[in-house]
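Participant: Sending over a structure as structure tokens; questions will come in a sec.
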Amino acid sequence: MDLINLFQQTLETTLPVFAMVFIGLGLRKVGWIDDAFVHTASALVFKATLPTLVFLSIIKADLRTSLNPGLLTFYLIATLASFALAWAWARWRITREDRGVYVQGSFRGNCGIVGLALAANLYGDFGLSAGSILLGVVILSYNALSVIVLAAYQPGQSPEWRRILQDILRNPLILSVFAAIPVAWLNLRLPEWVLTSGDYFASLTLPLALLCIGATVSFSALRTDSSTAFSSALMKMVVLPALCTGTAWAVGFTGAELGLLFLFFASPTAAASFVMAKALGGNDKLAANIIAITTLMASVTITVGVFILRGAGLI
């Protein structure tokens, strides 16, 4: 396959996802969608359509291929290592009051939407099912680690672990994973009309969520000093994905598994990082900057990453 055809195939994988993000940005600019729409649509995605998508993708999957303990373990270890590296760098280079937000922006990716959408585009049903199971590890680790680092640098803030644990266990995505695995394991068959209706409902998830991501990108936030935000964005979008994906390949991951790991590692910073930074008294403007920059960078860095990995025959 020549490089032009390879690049065209790569764009066919990544552009549909990022086109929806930029459409959301454009619709917000012309006033066709507003804050109320974004709030309502985001809540619908988080509480209903995305859990439905996760549930259906798991129960339709072959768990012998989708449920991979080695993949889950590696992702958890890589997340902890990324967190430690970002924190070590922040202690050396970032002012104390911004360290918590910097670290969270550097390791916490938007795997539930961008990562899952790209996995579905690249690997179809396997990408959806394996990515949905991986989301369980993502949600548990990202929330716990974010609270730890944000609370460490905010005077008077202490993590309320009981409430945090309750929030994680009540997370609709976690509940959908827990509900789907036994159904898939026991090979239970749901009525066809339930599956069809569920597919209609779940199909709202990715376009709606990607529109909302685009609508929340704020260029006005970038007018403030953003050198720290650019540093965090480079860590999130270039340094850590390269290190983690390279390590995954070195320990034996190839093909769809390596591709899935890369897409999750390379996802832009999650919008939830802004909410958590604000709740724990962090620099919410810095958090907004990091989200905006990584979201805009993702269309380039992920496309280049997929192109390189495909060109090398690794995914």
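Participant: Which of the helices in the chain meet the span-like rule: DSSP H, Cα axial reach of 24 Å or more, Kyte-Doolittle mean at least 1.6? Don't skip to the end; give the middle numbers.
Facilitator: Numbers: long enough: 3-29 (36 Å, 0.94); 69-93 (36 Å, 0.91); 116-152 (40 Å, 1.68); 284-311 (39 Å, 1.38).
What comes out of the filter, once short or polar helices are dropped, is 116-152.
Participant: With the contact rule set at Cα under 8 Å and sequence spacing of 6 or more, what percent relative contact order holds for the chain?
Facilitator: Normalised by residue count, the contact order of the chain is 33 percent.
Participant: Sticking with this one: 7 Å from Cα along Cα→Cβ at both residue 250 and residue 187: what's the point-to-point distance in nm?
Facilitator: The two pseudo-label positions are separated by 4.2 nm.
Participant: On full extension of the chain, what length is gained from residue 15 through residue 166, given 0.36 nm per residue of separation minus the C-alpha to C-alpha distance? Mind showing how you got there, number by number?
Facilitator: Numbers: separation 151, 0.36 × 151 = 54.36 nm, distance 3.73 nm.
Result: 50.6 nm gained on full extension.
Participant: For the chain, set up a Gaussian network in which alpha carbons nearer than 10 Å are linked by springs, and say which option among 300, 251, 17 fluctuates the most.
Facilitator: 251
Participant: A further question on this structure: So if R0 is 35 Å, what FRET efficiency would residue 230 and residue 152 give, r being the distance between their Cβ atoms, rounded to the nearest 0.05? Let's see the in-between values first.
Facilitator: Details: r = 23 Å, r/R0 = 0.66.
Efficiency for this residue pair is about 0.95.
Participant: With the cut-off at 1.5 for a/c, could you classify the stretch 3-308 from its C-alpha gyration tensor as rounded, prolate or oblate?
Facilitator: Values: a/c = 1.32, a/b = 1.31, b/c = 1.01.
Because its axes are fairly even, with a/c under 1.5, the stretch 3-308 counts as rounded.
Participant: Using just the helices of the chain, give the 222 nm mean residue ellipticity in deg cm²/dmol: DSSP H runs with n ≥ 4 each add -39,500 (n - 2.57), and the total is spread over all residues, rounded to 500.
Facilitator: So the helix-based figure for the chain works out to -24000 deg cm²/dmol.
Participant: In addition: Rounded to a whole number, what is D in µm²/s for the stretch 1-146 from Stokes-Einstein with the Kirkwood radius over alpha-carbon pairs (4 °C, 1.567 mPa s)? Numbers along the way, then the final one.
Facilitator: Numbers: Rh = 17.7 Å.
It comes out at roughly 73 µm²/s.
Participant: Still on this structure, I have one more. Assuming a ≥ b ≥ c are the square roots of the Cα gyration tensor eigenvalues, decide whether the stretch 171-315 counts as rounded (a/c under 1.5), prolate (otherwise, with a/b larger than b/c) or oblate. List each step's numbers first, then the result.
Facilitator: On the way: a/c = 2.13, a/b = 1.30, b/c = 1.64.
Since a/c reaches 1.5 but b/c is at least a/b, the shape of the stretch 171-315 is classed as oblate.
Participant: So, one more: Full extension from residue 195 to residue 35: what is 0.36 nm times the residue separation minus their Cα-Cα distance, to one decimal in nm?
Facilitator: 54.4 nm is the gain from fully extending residue 195 to residue 35.
Participant: Where the centre of each part is set by its Cα atoms, how far does the stretch 198-216 sit from the stretch 67-139, in angstrom?
Facilitator: 21 Å
Participant: Continuing with this model, one more query. Taking the Cα atoms of the stretch 74-202, what is the range of coordinates along each of the three principal axes, in descending order and whole Å?
Facilitator: 56, 34, 25
Throughout, read-outs are computed from the coordinates displayed, never taken from laboratory work. As the structure is a prediction and not an experimental result, all values here were calculated from the model. Methodologically, a virtual Cβ is constructed for each residue, glycine included, from the backbone with ideal geometry; neighbour enumeration extends over all protein chains shown.
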